[in-house]
Amino acid sequence: MKAHQRLKPVDLITCIALLTLIITTLVVQPPYVPILLLKYGGLAFILTLLWRFDNGQFRIVGILHMFYPLIFIPIIFDSFAELLPWASPIDLDPMLIEWDLALLGTHPTVWLERFIHPWLTEILTWAYTAYYFLPPILAVALYRRRSVADFDRAVFGMMLGFYLSYIGYFVVPAVGPRFTLTHLQTMELAGVFWADGIRETLDVLERFKQDAFPSGHTAVVLLVLFYAWHFVRGLFWVFLPVVVALIFSTVYLRYHYVVDVIAGIVVAVLSIGLERVVTRFWIGRPTTDDRR
């Protein structure tokens, strides 16, 4: 199969995303230009190699070409700590707080204090961390089903969810109620066993904090649930209670405003629609077969 025939929709949008980030870096000129250009350029180079040499001769190259998006995502997200504060320096939390008040008449994280309990906090903290595991679990399950078409559709849809969320971070940068509404909170979110340590670890690992709007957690796990329903129905029923708890946890644990969650739902729906349109267009092109 020729190189141009191995190009997938996810390759194309990843190239567009990296090019956009390179241009943004050059325009904004943050203090970390060399580091950012090295990261984005390096990822683009790796993607080019995978695309060029995924010709069926080396199975490991084909596997990496399928799974690389899930490896790229944390690297791209982490890079925003060096880019976004200079590209979008003003946090828009006051606007999101006003939207929540207009919609609900109260601050959701404050109102939810009546339900705070150490066991609930423990459970919801673990549910929140499922965000990091559900996409790769679904990807591995689809890979084991040996259907490249289903795998590519699901990964492409999830990547659309990630990238659209990233656009939101640049357009509406916000750090979330855990930073902006602390003066109104009267109760600590104490867990039973490891909840406190988990949240502290996430705070350290996630250097980038302006990721409240939209709720990427909500968007991505809804996409995981959607593709699990269509392609791996058994996983859907396993994921469903976890996803429901996870979405609730985004507000309960004070990471997100309610409007962030609503925006995350919109991102998920938009991603599904775009994935269907692009896939329908792409089937008119030579596509990757179901070989391994």
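Yes or no, residue by residue, for (1) in a helix (DSSP H, G or I); (2) surrounded by 17 or more Cβ atoms within 10 Å (Cβ to Cβ); (3) at pLDDT below 95:
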site	(1), (2), (3)
73	yes, yes, no
83	yes, yes, no
90	no, no, yes
95	yes, no, no
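Where the second residue is among the small types (Gly, Ala, Ser) and assigned to a helix (DSSP H, G or I) and the first is closer than 18 Å to residue 39 by Cβ and lies in segment 60-73, which pairs have Cβ atoms under 7 Å and are six or more apart or on separate chains?
70/139
Test residue 170 against the criterion of being modelled with pLDDT of 95 or more, among the aromatic types (Phe, Trp, Tyr) and buried (at least 21 other Cβ atoms within 10 Å of the Cβ), and give yes or no.
no
Specify which of the listed residues (127, 149, 139) is in contact (Cβ under 8 Å) with a residue 60 or more places away in the chain and in contact with a Phe, Trp or Tyr (Cβ under 7 Å, 6 or more places away or on another chain). Full working, then the answer.
Working: 127 fails: in contact with a Phe, Trp or Tyr (Cβ under 7 Å, 6 or more places away or on another chain); 149 fails: in contact with a Phe, Trp or Tyr (Cβ under 7 Å, 6 or more places away or on another chain).
Going through 127, 149, 139 in turn, the sole match is 139.
Would you be able to tell me the number of residues in segment 32-45 that are without any contact (Cβ under 8 Å) to a residue 40 or more places away in the chain, closer than 18 Å to residue 78 by Cα and not hydroxyl-bearing (Ser, Thr, Tyr)?
Qualifying residue count, segment 32-45: 8.
Of the residues that make up segment 8-20, is at least one surrounded by 15 or more Cβ atoms within 10 Å (Cβ to Cβ), without any contact (Cβ under 8 Å) to a residue 24 or more places away in the chain and in a helix (DSSP H, G or I)?
So far as segment 8-20 goes, yes, one or more of its residues are surrounded by 15 or more Cβ atoms within 10 Å (Cβ to Cβ), without any contact (Cβ under 8 Å) to a residue 24 or more places away in the chain and in a helix (DSSP H, G or I).
At least 2 residues that are basic (Lys, Arg) in each: list the helices (runs of 4 or more DSSP H) lying fully within segment 190-289 that qualify. Before the answer, list the steps.
On the way: elements: 195-205, 216-231, 233-252, 258-282.
Correct list: 258-282.
Name the residue that is modelled with the lowest pLDDT, counting only residues in segment 32-65 that are over 26 Å from residue 160 (Cβ atoms) and in contact with an Asp or Glu (Cβ under 8 Å, 6 or more places away or on another chain).
32
Considering each residue of segment 123-175, count those that are part of a helix (DSSP H, G or I) and basic (Lys, Arg), and give that number.
2
From the list 212, 219, 228, pick out the single residue that is more than 14 Å from residue 134 (Cα to Cα) and under 18 Å from the mean Cα position of the chain (by Cα). Spell out how you get there, then give the answer.
Details: 219 fails: more than 14 Å from residue 134 (Cα to Cα); 228 fails: more than 14 Å from residue 134 (Cα to Cα).
Result of the check over 212, 219, 228: 212.
Please name all residue pairs, on different chains or six or more residues apart, with Cβ atoms under 6 Å, provided the first residue is in segment 249-260 and is of a type in the set (Ser, Thr, Tyr) and the second residue is outside any helix (DSSP H, G or I).
Hits for this filter: 250/215; 250/256; 255/176.
Do you know which residues across segment 115-140 are under 19 Å from the mean Cα position of the chain (by Cα), crowded, with 16+ Cβ neighbours inside 10 Å and not polar (S, T, N, Q)?
Result: 124, 126, 127, 128, 130, 131, 134, 135, 137, 138, 139.
The values are calculated or read from the model by the stated rules, or taken from the named source; none is laboratory data. Just so you know, these numbers come straight off a predicted model, no measurement behind them. All Cβ positions, even for glycine, are placed from backbone atoms using ideal geometry, and neighbour counts span all protein chains on display.
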